[in-house]
Amino acid sequence: MRAVRKLHRAGALLVGVFVLMHLANHLAALGGIAAHLRFMEAARVVYRQPLVEIILLLAVAAQAGSGLRLLAGKRRMDRIARLQAASGAYLALFLLIHVSAVLFGRAVLDLDTNVHFAAAGLQVWPYQLFFVPYYFLAVLALFTHLGCALARRAGTAALVVPVCAGVLVSSLVVAALMGKLLPYEVPQTYRNTYVQS
Ligand code: HEM
């Protein structure tokens, strides 16, 4: 179990760098969708290199797998450990669906899986009923999961800042992609993945 814990901690660094950049990319939507697309084009130069992408996807799979293995090995858990386990389990499920959807969008639907691909689910009724909580909880779970690691060392109070930051970042990203902050309508090609015109 020690080796699994070491793998989970080491993987967190690699996956963390990508996820930080990924969320910064989504926050760029606060400056408009053109800013989001510009950020993505620059970031893709790095993370769309085949070798980098393979390493990233393997690291994501190892992160989710090692997290679930750690969870299965737990017997007694205090409140922080339970919150860390619940947020980690949600992240593992989210990553499975999220990454499969992106790869499916690219390989089968032949779409550029840019911001419009994600935002379509947030703008087409009734799919919002699923996608709003799905994305909101993913970002919140990420901040909570990392906050729990901090709280185990510094005490429960250390959870407040990460959880509040999670609620704020989640709300801003979801609202921006829904077009609630600046005018933004997902192009019809992407809406068509949900409704035929
Ligand atoms: C509101 C929240 C989120 C939205 C709207 C979103 C959207 C997207 C989009 C559009 C892509 C495709 C990128 C591309 O084709 O260049 C993507 C890829 C990805 N996302 Fe997210 N994401 C969100 C949150 C997260 C979180 C919280 C994580 C991890 C904890 C995550 C992990 C990933 C990974 C691993 C990929 C695959 C990268 C690749 O190989 O292309 N995402 N996401």
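The values are calculated or read from the model by the stated rules, or taken from the named source; none is laboratory data. Values in this document were obtained by computation on a predicted structure and should not be read as measured data. Counting neighbours? That spans all protein chains shown, and the Cβs are built from the backbone with ideal geometry, glycine included. With ligands, DNA and RNA removed, areas are computed over all heavy atoms of the protein, side chains included. Shrake-Rupley method; radii C 1.70, N 1.55, O 1.52, S 1.80 Å.
For the chain, the longest piece that avoids every one of the trypsin sites (Lys or Arg not before Pro) found in DSSP loops with at most 14 other C-beta atoms within 10 Å covers 77-179. Each Lys and Arg contributes +1 and each Asp and Glu -1, all at the Cβ; summed about the Cα centre of the chain, the dipole is approximately 1120 debye. Computed about the Cα centre, the dipole magnitude for region 28-143 is approximately 600 debye when only Lys and Arg (+1) and Asp and Glu (-1) carry charge, each at its Cβ. Only protein atoms count toward the accessible area here, which uses a 1.4 Å probe; on the chain, the carbon and sulfur part of that area reaches 69 percent.
For region 2-191, the equivalent ellipsoid derived from the alpha-carbon gyration tensor has semi-axes of 29, 20, 15 Å in decreasing order. Centre-to-centre, using Cα atoms only, region 107-169 and region 1-27 are separated by 15 Å. Placing unit charges on each Cβ (+1 for Lys and Arg, -1 for Asp and Glu) gives the chain a dipole about its Cα centre, and among VAL19, THR193, LEU182 the Cα reaching farthest toward its positive end belongs to VAL19.
Using a probe of 1.4 angstrom and keeping all protein chains present, the accessible surface of region 79-182 works out to 51 square angstrom per residue. Between 0 and 90 degrees, the angle of helix 2-27 with respect to the longest Cα principal axis of the chain falls at about 30 degrees.
With the charge dipole of region 1-150 set up from +1 on Lys and Arg Cβ and -1 on Asp and Glu Cβ about the Cα centre, the Cα lying farthest toward the positive end among the listed residues ILE55, ASN114, GLN128 is that of ILE55.
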